[in-house]
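Before any comments, here is the structure.
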Amino acid sequence: MKRWFSLPWRKWFKHLFVTAHFLLYSAVLIFSAILYIAFRPDGLHLVNTYFLKPLGINYSHAEGSLLEGFTLHNLRTENTETKTFILKYNLVKMIEGEHTIDSVKIDGLRLHLDDFLSEDDSIWPFPTFKLREVTITNLQLISSYPIELDIYGKNGTYDGDNLSFASLNATLKSRYASGAIHGTLRNNALSGISDIYPNAAELTSYSGRFTTLPRVLRVNITELSNEKAILRTNIAVLHSKQNPEIQAKAITLDFNYLYENGYFNINALYSLVHRSDAIQTKQHLRYALEGRTSTEFEGKISSVHPLPSNILRGEFTDDTKGLIGKLTLDGSTLYLSSKDYDRFNWKIQSNYSNLAFVKTLPKMLRSSPLRFSGEGSYLVSTDTLNGKVDAAHSHALFSGSFSTRDGHHALDGNLTLPSDAPMWKNWAHKPPKHLNLSINDENNATHIHLAGDSLSLSTLISGVKVTASGNYLGAFFDITGSLGATQNSFDVETLIPSVFATLSKVHPMELYAGEYYDGEIRAKTHISLGNTLRVQSDIKIPWYAAVLDSKRAYGGTDGSMRMEYRDGKITVTNYRFEIADHIITTDKTSYLHLSPEGELIIDEWWILTPCTSVELLPQIFVPRCGCVRIVSVIKGPKGMHTLLLISPLSGIRKQTKIFTVC
């Protein structure tokens, strides 16, 4: 028996009993101390003295008790300030194991955002609890862009690291916008929807300078947490302030911000519309928090106007030094730069091997290369654009300057038509080499003036209507017409008082003594310019005369001709001439065409007399700008006439006899 009592386990058991007794006794004392402190009126003072102050938490005065809840006024920590902190709970139920906070109300909490975001430990002073209701009013997040918030959450939990709410509502107010949020919070990540109301006055210096802003912006919040922000919004339409006809439609914006990267991305889809033109655009923007923004986009253009390509690309960079960027459309590149976002300098370079995309131009013009350059500036505050431009084409060179302000647009410069241009290099007469060009546009009316040694033209374009008048080489003309998206048409009335005077300016002519050739021409011409060029002309010749010598003089009146040009082919549907009291006329269609070398080739020509008609021998060549001259009229046996044609006046190309039976 003595040995049984002396076994080692008896000592171990005795120590275990003593330890258990001590722990139980200590627990009773601690629990009693907690209840004692909780029920004491000065319990909060004791907690403040022995627990809160050593942790750096201070307040001015308190109300309530530790048993059911308390209120702290003017609560302060190293990084926060709070006017009022109210905590409601049931300590007895907590001790029984039901860790539930009935209500948390915080008013006037001020957080310096940089300290808050960089804080690793929780700002909440309690461990894992259920949160039935949390109300935070006048929460101020202090940073470069301060924000004021009111937050109300229900049915939440907090496990020391993660905060969740089944329902969360908030309102926010900042310098640039205000809004409301409704959603849920799961593990510190908010999801839901938000209505944002932009402050147009504060945003005027930014996007508000260029466009109207929506009254309300609905934002879908995929995630807004202490790690990232993923947002999406849609805007139906934005209107340009510079040009009300410019609109951005069907805008979708995706916002993605991973805080640790130090930048956020925005992906945008939208359609930019101007009248009947539109560009469907995909754009990516990156904004770095140090103040650098970069963006690039690609747009697909839909337009009734001819363009070398329907794909427009752009890239821009914006930082403390200003903005730089470029736009590229096939062979054209536009460079932009600005230091103050008010004055933008621009420079453009274009180089095209041909103009095949401009279908309305004649083939010879389309097949020629074009080089274009320009530079200038644009002032946003006054909506003023000005600059200098230079253009080089096989058929024309232009150098000048332009400006636009307050709805007034002006272009002035020198136009040069090279004498070796493909279209007229073989012409005996070249168009004017040097011309002064002036264009002014105001109140939807465009005035164009063109002047040179032998040409004067004044044109008015009002809407789609065109009127013009002028003279060239002694020929006077008036033009009326209309401009369309795919088709242009013009009516031209021409008066040539003296054919000889006009032709003498085209090519110097020498006449033998006693010779005289002249006439008057009046023509009405309709020109249709679309995918092809079509010219219809009714020509009247009130009088014409030819004096070969003192014995041979011929003349006539009321001559006429109706003809049409299309795709290099010429048809003469009817004509009437009177030569030596003999009427030459026909209603039978004759055909001519232009060769690639620019020569006029007669394919089929009909001459009608009262007796019969005979086809003109084919393939008679009349060089461009040449003149057909009647040399003699010979009367043969039985009324047969022989007409000898020599072409042109500058030299005989070919001569042919025509026989008609009278």
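The values are calculated or read from the model by the stated rules, or taken from the named source; none is laboratory data. Quick caveat: nothing in here was measured; it's all calculated off a predicted structure. Note: ideal-geometry Cβ built from the backbone for every residue, glycine included; neighbour counts use all protein chains shown. In case anyone asks, the SASA skips ligands and DNA or RNA and just uses the protein heavy atoms, side chains included. Shrake-Rupley method; radii C 1.70, N 1.55, O 1.52, S 1.80 Å.
Excluding ligands, DNA and RNA, what is the solvent-accessible area per residue of the stretch 355-484 at a probe of 1.4 Å, expressed in Å²?
On a per-residue basis, the stretch 355-484 sits at 53 Å².
Please give every one of the lysines within straight-line cross-link reach of K551, meaning a C-alpha to C-alpha distance under 16 Å, and leave out same-chain neighbours fewer than 8 residues apart.
K635
Out of H182, P244, N234, whose Cα points farthest toward the positive end of the dipole of the stretch 181-254 (charges: +1 Lys, Arg; -1 Asp, Glu; placed on Cβ)?
P244
K173: which lysines have alpha carbons under 23 Å from its alpha carbon, excluding same-chain residues fewer than 8 sequence positions away?
Once the sequence-local lysines are set aside, what remains near K173 is K83, K105, K154, K228.
How big is Rg to Rh over the stretch 209-253, alpha-carbon atoms, Rh as the Kirkwood inverse-mean-distance radius?
Across the stretch 209-253, the Cα-based Rg/Rh ratio is 1.12.
Straight-line reach from K388: which aspartates and glutamates have Cα under 17 Å away, leaving out those fewer than 8 places along the same chain?
Partners found: E375, D412.
Summarise the accessible area of the stretch 171-294 (1.4 Å probe, protein heavy atoms) by the percent that is carbon and sulfur.
55
Roughly how big is the stretch 379-462's charge dipole about its Cα centre, with Cβ charges of +1 (Lys, Arg) and -1 (Asp, Glu), in debye to the nearest 20?
360
Using a 1.4 angstrom probe on heavy atoms only, work out the carbon and sulfur share of the accessible area of the stretch 408-495 in %.
On the way: 2640 of 4780 Å².
Of all accessible area on the stretch 408-495, carbon and sulfur atoms account for 55 percent.
Beyond a 29 Å Cα-Cα separation, which of these cross-linked pairs lie in this structure: K524/K569; K53/K130; K300/K425; K53/K88?
K300/K425
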